[in-house]
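Have a look at the structure below before the remarks.
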Amino acid sequence: MLRIENISKSYGDKNLFTNINTAIGEFERIGLIGVNGTGKSSFLKVVAGIDEPDQGEIKHAKDYRIEYIAQETVLYEDLTVIEQIYYGESEQMKLMRAYEQALLNLEQNPEKEAFQEHLLQLQQKMDQAEAWEANANAKTVLTKLGITSFDKKVCELSGGQRKRVAIAKALIQPADLLILDEPTNHLDHETVEWLEKYLQNYRGSILLVTHDRYFLNRVTNRIFELDKGTLYTYTGNYELFLEKKAEREALEISDEQKHRNTLKRELAWLKRGAKARSTKQRARVERVEEMQEKKFDTKKENLSIQAGSKRLGNDVIDLEGVSKSFEQQTLIHDFSYQIIPGDRIGIIGPNGTGKTTLLDMMAQRISPDTGNVKLGETVQIGYYTQGDEDLDGDLRIIEYMKEVAEVMHTADGQVITAEQLLEQFLFPRSQQWSYIRTLSGGERRRLYLLKVLMHEPNVLFLDEPTNDLDTQTLAVLEEYLETFPGVVVTVSHDRYFLDRIVEKLFVFKGEGEVSIYYGNYSEFLETNAIPKQAKTAAVKETKSEAPVKVKKKLSYMEQREWETIEDEITQLETRLTEIEQEIATAGSDIGKVQPLFTEQQELEDKLEEKMERWEELSLLKESFESGK
């Protein structure tokens, strides 16, 4: 067990957390949640022993081992990948490092007898140390993380490769507690999915920060929430945390109301006065003074802002046979697509296949080698890039926003001030006059995103927005994008974000091939999980060897169905509108809301079935009428 006793930490004038007490037991899977800037990374560093708390201490046994992966990967530049992965002074690590180096030496000089003999000696030592299981586990980790060039120097690796090497090193090293700060950043879907399953069977305990809500939900069995300097703990995964947090906030509001009622009664008693100035009365006065000083943190900003953008015409972006190569590597080959108003597009695929390159071409930051990119006359692009914008630390937050505009116009014609938009994206009024230099990295990225939105673009490009934003900010961004009237194109590996935002996908397959899929990310994964052999068999089954009798008109039953189906669709849509109004009226009355939600889901399923059937009948009718 690791015990956290009364720890506090400040950064300059900013108090991050105060008097935190908790413990981490064996085999726990803990997710740490909090808005960027609340001190999550600082908390991880204190627990890992990298930073010292201002007060308090971390207690554990002397042989308690902690492995820590920082958000920004720190590796030794001059070491090879294999030296870095097996870095450490334990006998097992030194032995495995020597064995892997001997293997590499022999591969490069297969005829050299000295290398052969040295390898045999190390194999015997591996037998004696019973290190083969650890070695096999390490090889599995390396393979799944896509690490194959063991003799490459760390300084030759890309950012994504470095992240994978850091994760491999941490997973391979034996540890009682594994601390991970944003481990899913820069990892593709397949790797994230493998890491999920691996961590579920990890032998030690885990403490992690991640923006990936699916990952958080599937890996954790306990949640730490860092909120305004206080640590709240919840048993269960992310889904249960959301439920219990809502209950906690409701209880705090109830406690505040009780406190107000008691204080009101006490003040009324004092105003009436008492005939005798007794000691009891003085004590009561002091108690009232204490009650008046007590503060409750129950204020919630419930701003509802309809996203705004400048008018967008029918012509948006037309890609005509575009191709692009870098250093003899074809990233995009002969890709064509016409983006139309209202499009919600996700761009997915392995790292390095050209996803950001496509965004840059559409934004006209770079030109295609062949083909054309045409932008409509009314298009105004807002581009949230991966790289950090150079923010002037001597500017105040509100000044930075007002460099763009003091107000923005919403879709329904309202005027929203820069202060209100900052509030919606979790910069309270009390913080808006702070200097940018006091912000954390995540807060700076959130501020940069807001500046992009403040321009009122009608086409929004988001390049990996989830890498640097916390779960709470992502939820706000998703709600904002749901009302955004323009086009959204996003590169992302975040499954939850893609499921909620996009309706079609550009799928980068490598070697220049880009395909289009209509649907969200989970639907795409489900479709592509079917083995090719099964797909082929399914196609063969649909082919009938018997001659097909050609129909010339709708059958009697089909005709009857066609005559009534539009009325049925209208009735379903009308009832759904009524249910939405009833849910809004019911508010927080869960007894009334729950059956309405159930009915709403059933009707939505029926409506979808009716719409699909209407389309089938419509196509049949058209084909008969045209004589086909």
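The values are calculated or read from the model by the stated rules, or taken from the named source; none is laboratory data. This is a predicted model, so every value here is computed, not measured. Note that we place each Cβ from the backbone using ideal geometry, even for glycine, and neighbour counts take in every protein chain shown. Protein only, heavy atoms only, side chains kept; ligands, DNA and RNA dropped before computing areas. Shrake-Rupley method; radii C 1.70, N 1.55, O 1.52, S 1.80 Å.
Scanning region 199-221 for residues that are closer than 20 Å to residue 47 by Cα, open to solvent by 40 Å² or more (accessible area, probe 1.4 Å) and modelled with pLDDT of 90 or more turns up just one, 221.
Here is the figure for region 345-356: residues that are at pLDDT 95 or above and out of contact with any helix residue (DSSP H, G or I) (no Cβ under 6 Å at 6 or more places or on another chain) total 1. For region 172-195, residues that are open to solvent by 10 Å² or more (accessible area, probe 1.4 Å), within 18 Å of residue 221 (Cα to Cα) and not in a loop (DSSP other than H, G, I, E, B) total 1. The set of residues in region 74-96 being at pLDDT 80 or above and either open to solvent by less than 50 Å² (accessible area, probe 1.4 Å) or in contact with a His (Cβ under 7 Å, 6 or more places away or on another chain) (or both) consists of 75, 79, 80, 81, 82, 84, 85, 86, 93, 95, 96. Given the condition modelled with pLDDT of 60 or more, among the hydroxyl-bearing types (Ser, Thr, Tyr) and surrounded by fewer than 11 Cβ atoms within 10 Å (Cβ to Cβ), answer yes or no: does some residue in region 521-532 qualify? Scanning region 521-532, I find no residue that is modelled with pLDDT of 60 or more, among the hydroxyl-bearing types (Ser, Thr, Tyr) and surrounded by fewer than 11 Cβ atoms within 10 Å (Cβ to Cβ), so the answer is no.
With the structure loaded, tell me whether residue 469 is of a type outside the set (Phe, Trp, Tyr), touching a helix residue (DSSP H, G or I) at 6+ places or on another chain (Cβ under 7 Å), assigned to a loop (DSSP other than H, G, I, E, B) and over 25 Å from residue 319 (Cα atoms) or whether it fails that test.
Criteria met by residue 469.
If you check residue 479 against the conditions, is it at negative phi, without any contact (Cβ under 8 Å) to a residue 12 or more places away in the chain and open to solvent by 30 Å² or more (accessible area, probe 1.4 Å)? The answer is yes for residue 479. The set of residues in region 359-416 being modelled with pLDDT under 90 and part of a strand (DSSP E or B) consists of 407, 408, 409, 415, 416. Taken over region 353-367, the criterion of being under 20 Å from the mean Cα position of the chain (by Cα) and farther than 17 Å from residue 489 by Cα is satisfied by no residue.
Is at least one residue of region 347-355 part of a strand (DSSP E or B), of a type in the set (A, V, I, L, M, F, W, C) and open to solvent by 20 Å² or more (accessible area, probe 1.4 Å)?
The answer is no, given that none of the residues of region 347-355 is part of a strand (DSSP E or B), of a type in the set (A, V, I, L, M, F, W, C) and open to solvent by 20 Å² or more (accessible area, probe 1.4 Å).
Against the condition on the phi < 0 side of the Ramachandran plot, assigned to a loop (DSSP other than H, G, I, E, B) and surrounded by 17 or more Cβ atoms within 10 Å (Cβ to Cβ), how does residue 460 come out, does it pass? No.
Only residues that are outside any loop (DSSP other than H, G, I, E, B), modelled with pLDDT under 95 and not small (Gly, Ala, Ser) were counted across region 30-42, and they come to 2. The set of residues from region 602-611 being open to solvent by 100 Å² or more (accessible area, probe 1.4 Å) and at pLDDT below 80 comprises just one member, 608.
In this structure, does residue 41 turn out to be surrounded by fewer than 17 Cβ atoms within 10 Å (Cβ to Cβ) and in contact (Cβ under 8 Å) with a residue 40 or more places away in the chain? No; evaluated as a whole, the condition is false for this residue. Tell me, yes or no, whether region 36-46 has at least one residue that is within 14 Å of residue 206 (Cβ to Cβ) and within 27 Å of the chain's Cα centre (by Cα). Within region 36-46, one or more residues are within 14 Å of residue 206 (Cβ to Cβ) and within 27 Å of the chain's Cα centre (by Cα).
The condition of being open to solvent by 100 Å² or more (accessible area, probe 1.4 Å) and either at pLDDT 75 or above or closer than 19 Å to residue 564 by Cα (or both) holds for only one of 578, 622, that being 622. In region 324-341, the condition of being modelled with pLDDT under 90, open to solvent by less than 20 Å² (accessible area, probe 1.4 Å) and not in a helix (DSSP H, G or I) is met by no residue.
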